[in-house]
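Student: After the structure tokens below, expect a handful of questions from me.
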Amino acid sequence: MKLSRRNLLRAMGATGIASAVAGLPASAAITPKARLEARPGTARLAPAEYEPTPIWGYDGGVPGPTIRVRQGERVDREFLNNLPQASTIHWHGIRIDNAMDGVPELTQAAVPPGGTFDYGFTLPDAGTYWYHPHNRTWEQLARGLYGALIVEEPEAPDVDRDEVLLIDDWRLTETAQIAENFGAMHDWSHGGRIGNWITVNGDGYWTSDARQNHRIRLRLVNPSNARIFNLSLKGLSGWVVALDGQPLSTPQPAETLVLAPAQRVDLIVDVTADAGTEASLVSHERGGSYAVAVFRVGKAEAERRTEGPGPLPANPVPETGPLQNARAVDLVMDGGAMGGMRSAVLNGTDTDIRTLVNQGKAWAFNGQAEMTDTPLLSARTGETVRIRMDNRSRWPHAMHLHGHHFRQVLQEERMGPLRDTLLVQSSETAEIAFVADNPGDWLLHCHMVEHAAAGMMTWLKVSG
Ligand code: C2O
Ligand code: CU
């Protein structure tokens, strides 16, 4: 059948949708919905001598389309799942309506292949956010399903450019195919799926032209499954102005930057390298250092700005009241290779570690290797909540809370910057506090996505 409006309407009539459409004003019936389609595609991740790599991407590309809106505006997208698996979209870091949070079982049913789901929500906070699937994330994220969601401040800071850099870690075979060993228990029980090929915005050699003295806003995002990036700047100098989308009250000098899975860092930097040379973002690994993003520096057009940037305008995130009266809960994080965990609860029964591993579990929160029917904590809307996370494992974990941003409670109850994902080191205890102002069921999990699948996932209930 040829695709025409008339045929389309006839086809819709067959499924009974036509009557619904007929009831709408003509303009509404013909306005196409903005759509975001998850589907297989290809990408040039590796150098030109390789075949393009088959990936899964939003609208078939990696990264998916950058969604840019102004603070207070809405995003409306019909999600169309053209993957061979069920999927959802989670809008990471957005203080969103619970029904739009994209968590299978908890907030919606996973969208089957061929199915759709209408996502629509307003953006209360300006900043750098991103979106990704929340079903079989350890496979779907590794195959390339992610994109940036940028919420602009009402007044943009004074920069010459604004650049989103999604820094991803891929595990590729010798022929630049995505390695298919997604469920490898060795990864799940160790540091997660660590790859062997780094891309920025889907490009293994991301380069761009810049000018000496230009001021650039760099929005760094880590969409990798499990890699923690240690980054520094070369030929660029400037300030960290936001973490996980939320502005710092005072910009901090950008020196070494730790970017754990799912975290974001917003920088405002000046190009200080000489014309004719290169400025770069450098990643430091155990095996050495290499540039992940390169700016070829051209001649200056203007003097370097003498003033540093002021803080970005704060977002309307509520501040916690006195912490003594807060509702508090402990979260003991245990398991993984070289750890002391001997057993944990799975399917409601205490299960020894060997049996756990055979069932794909290797970690536990408070002795539970699975999502429990009852939440870790129930709070009334507006209550201040503190969670003491005690990492007894031998591995760092990037702990992410849905629907809220929190602060780390530091020495003498000083409060750290607002974040949605906090890296908790091995043997570290880190306490977070926040106002539970967003009603619904919210996940708290490790964003090393293999760890989440292997037991590091729980949830909070906010109601009343
Ligand atoms: Cu970025 Cu629960 O996810
Ligand atoms: Cu973890």
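Quick note: the coordinates plus some simple rules give every number you see, no bench work behind them. These numbers come from a predicted model, not from an experiment. Every residue, glycine among them, receives a Cβ derived from its backbone with ideal geometry; neighbour counts consider all protein chains shown.
Student: Roughly what would the spin-label model give for MET185 and ASN358, points 7 Å off Cα along C-beta, in nm?
Tutor: A separation of 0.9 nm, rounded to one decimal place.
Student: Could I ask something else about it? What relative contact order, as a whole-number percentage, does the stretch 104-157 give when Cα pairs under 8 Å and 6 or more residues apart are counted?
Tutor: 36 percent
Student: Treat each spin label as a single point 7 Å out from the Cα along the C-beta direction, and report the ALA48 to ASP350 distance in nm.
Tutor: Result: 6.4 nm between the two label points.
Student: GLU431's amide H: which non-local residues (gap 5+, or another chain) put their own amide H closer than 5 Å, with H modeled 1.01 Å from N in plane and none for Pro or chain starts?
Tutor: Under 5 Å from the amide H of GLU431: MET389, VAL409.
Student: For the stretch 68-109, what's the relative contact order in percent, using C-alpha pairs closer than 8 Å and at least 6 residues apart?
Tutor: Dividing the mean separation by the residue count of the stretch 68-109 yields 24 percent.
Student: For ASP203 and ALA337 in one chain, what is 0.36 nm times their gap in residues minus the Cα-Cα distance, to one decimal in nm?
Tutor: Taking ASP203 through ALA337 to full extension adds about 44.9 nm, to one decimal.
Student: Obtain the nm distance between the two label points defined at ASN196 and ALA328 by a simple spin-label model: each point lies 7 Å from its Cα along the Cα-to-C-beta direction.
Tutor: Rounded to a tenth, the inter-label distance reads 4.8 nm.
Student: May I ask you to compute the full-extension gain from THR250 to GLU278, defined as 0.36 nm times their residue separation minus their alpha-carbon distance, rounded to one decimal in nm?
Tutor: 7.2 nm
Student: Show me the trypsin sites (Lys or Arg not before Pro) within the stretch 242-336 that DSSP assigns to loop and that have at most 14 other Cβ atoms within 10 Å of their Cβ.
Tutor: Filter output for the stretch 242-336: ARG286, LYS299, ARG304.
Student: Hey, another quick one. Fully extended, how many nm does the chain gain between ASP373 and GLU105 (0.36 nm per residue separation, minus their Cα-Cα distance)?
Tutor: 95.4 nm is the gain from fully extending ASP373 to GLU105.
Student: For the stretch 373-464, state which trypsin sites (Lys or Arg not before Pro) are in a DSSP loop and have at most 11 other beta carbons lying within 10 Å of their beta carbon.
Tutor: Working: sites: ARG380, ARG386, ARG388, ARG392, ARG394, ARG407, ARG414, ARG419, LYS461; in loops: ARG392, ARG394, ARG414.
When the trypsin sites (Lys or Arg not before Pro) of the stretch 373-464 are filtered for loop state and at most 11 Cβ neighbours within 10 Å, ARG414 remain.
Student: Using a 10 Å Cβ count of at most 13 others and DSSP loop calls, identify the longest part of the chain lacking such GluC sites (Glu not before Pro). Provide the component values of the computation, followed by the final result.
Tutor: Values: sites that count: GLU49, GLU73, GLU105, GLU155, GLU174, GLU180, GLU255, GLU301, GLU303, GLU307, GLU319.
Result for the longest clean stretch: 320-464.
Student: Estimate the FRET efficiency between MET415 and THR173 by the formula 1/(1 + (r/R0)^6), using the beta-carbon distance for r and 51 Å for R0, to the nearest 0.05.
Tutor: E(calc), rounded to 0.05, equals 0.65.
Student: For a quick check: sort TRP239, TRP363, TRP459 by the number of other beta carbons within 10 angstrom, fewest at the front.
Tutor: Result, fewest neighbours first: TRP239, TRP459, TRP363.
Student: To continue, here is another question. Sequence gap at least 6, Cα distance under 8 Å: using those rules, report the relative contact order of the stretch 49-130 to the nearest whole percent.
Tutor: Reported as a whole number, the value is 35 percent.
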